[in-house]
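Just so it is clear, none of the values below were taken in a lab; they were calculated from the coordinates. Here the structure is a predicted model, which is why all the values come from computation and not from measurement. FYI the Cβ positions are ideal-geometry reconstructions off the backbone, even for glycines, and counts take in every protein chain you see.
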Amino acid sequence: MTAKDVVKAGDVTKRVGVEVIRARGVDVDKLIKMLIANAGAEFASTYYYYTILRMHLAGHEDYKEICEDARLEDRAHWELIVPRIYELGGELPNDLVAFHNQAGCPAAKLPDPPTAANILQLLLESERCAIRSWIEICDMTFGKDPRTYDLAARILNEEIEHEAWFIELLAWERDKKSVPSGHFRRGEPGDAPYSKNRPFYIPG
Amino acid sequence: MRYPVRVQPESFNITLVTPEGEHTIRVGSDQHIWEAAAAAGIRLPAMCHMGHCLTCAGQLEGPGEFDPSDARQYLPQDRAAGYILLCTAKPRSDLRIRTHQQRAMRRFRLDAGLPAPYAGV
């Protein structure tokens, strides 16, 4: 069966972009739900709560900047994947609480006590959950849905970098051990080299 | 001279009723059941490994005790319904557990108006 057989000319109720991946074995309904759960983890569990964690790293301006990088890149992940949810025929829940409650990763709530080591460990485990979540999407789509795979792989690349950052910082803060991330610095905070959406067009 | 006595943690028989058949393994009281199963070559579903996403959900068949405190989101209602998150549960008695209950647990949470990660998956 080819896409031409499935979608009639002029039909706006179906998408060739969806039927071709369904024909290649993707469970599109499951994929949509997983993308919404991962989007919830990016926006609610991390981007929102990382804002609070960042505020409690006073005196550690280096940790604060790395936390800021991760926060803004998780926002970029959210913005990258939301259009794909709609392309696949899904939609975001029209209720923010419901959206938060179906997120695939735990909320990165400020730990008690909010020491730098506790915050760094929380950041580290949040990134690890993200890695596990996005590689599931990669597994589901590899060889079947190039577009979602590309988007998920871009995000996964950055989550792996985030994990390396927080391993380096936590190992030093808590254990006084050097476990290098191996990375050079980003450009501006939130540069998101793999995942940032195209910026707004500014004429002139 | 008195020498310190090293107390070995207890271990328990955990029977896992999987779609492929039953497996009984010994799991220490300081071990998470999922990890012990993996070490025994039994691959069970899991994703977040934080006791949150419900992918590792099982359900007790019969009485038993376990420590769920390592889970990030395990609710009293879950315990009352007999659900267990294998990635973070540590046994406190012999247990018989039906695995691969993620859909049922997500449905349970939704029907109860509780947070349901990956709802519908």
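Annotations for the structure displayed:
- Averaged over the residues of A:97-109, the number of partner chain Cβ atoms lying within 10 Å of the residue Cβ comes to 5.
- Gyration tensor (alpha-carbon) shape descriptor, the protein assembly as shown, a/c threshold 1.5: oblate
- Ordering B:A36, B:G51, B:F12 by Cα displacement along the dipole of region B:1-117 toward the positive end leaves B:G51 in first place; charges were set at the Cβ atoms of Lys, Arg (+1) and Asp, Glu (-1).
- The string of couplings for region B:34-39 from the Karplus curve (6.51, -1.76, 1.60, θ = phi - 60°) is 4, 5, 5, 5, 4, 5 Hz, one whole number per residue in order, with x for Gly and Pro.
- With a 10 Å cut-off around each Cβ of A:130-137, the average count of Cβ atoms from other chains is 2.
- Ascending count of other beta-carbon atoms within 10 Å, so fewest first, for B:F66, A:F184, B:F108, A:F142: A:F184, A:F142, B:F108, B:F66
- For a label point 7 Å along the Cα-to-beta-carbon line of A:K176, residues of region A:103-119 with backbone N under 19 Å: A:116-118
- Dipole check for the protein assembly as shown: with +1 at the C-beta of Lys and Arg, -1 at the C-beta of Asp and Glu, and the Cα centre as origin, the magnitude is about 560 Debye.
- Computed FRET value (nearest 0.05) for A:C138 with B:R92, which takes r as the C-beta separation and R₀ as 25 Å: 0.10
- Only the Cβ atoms of Lys and Arg (+1) and of Asp and Glu (-1) were treated as charged; on that basis the dipole of region A:26-175 about its Cα centre amounts to roughly 380 debye.
- Residues A:W134, A:W172, A:W165, sorted so that the one with the fewest Cβ neighbours within 10 Å comes first: A:W172, A:W165, A:W134
- Paramagnetic reach from B:N13 (point 7 Å along Cα→Cβ, amide N under 15 Å) across region B:75-101: B:93-97
- Taking max minus min of the alpha-carbon positions on each principal axis, region A:99-201 gives extents of 44, 34, 30 Å, largest first.
- Partner shielding of B:109-116 amounts to 2, given as the average count of beta-carbon atoms from other chains within 10 Å of each residue beta-carbon.
- For region A:67-198: relative contact order, % (alpha-carbon pairs under 8 angstrom, 6 or more apart): 36 percent
- The phi torsions of region B:50-59, fed into the Karplus equation with coefficients 6.51, -1.76 and 1.60 and a -60° offset, translate into couplings of 10, x, 10, 7, 6, 5, 8, 4, x, 9 Hz, rounded to whole numbers, with Gly and Pro shown as x.
- For region A:8-127, a Kirkwood radius taken over Cα pairs fed into Stokes-Einstein (20 °C, viscosity 1.002 mPa s) yields D = 134 µm²/s.
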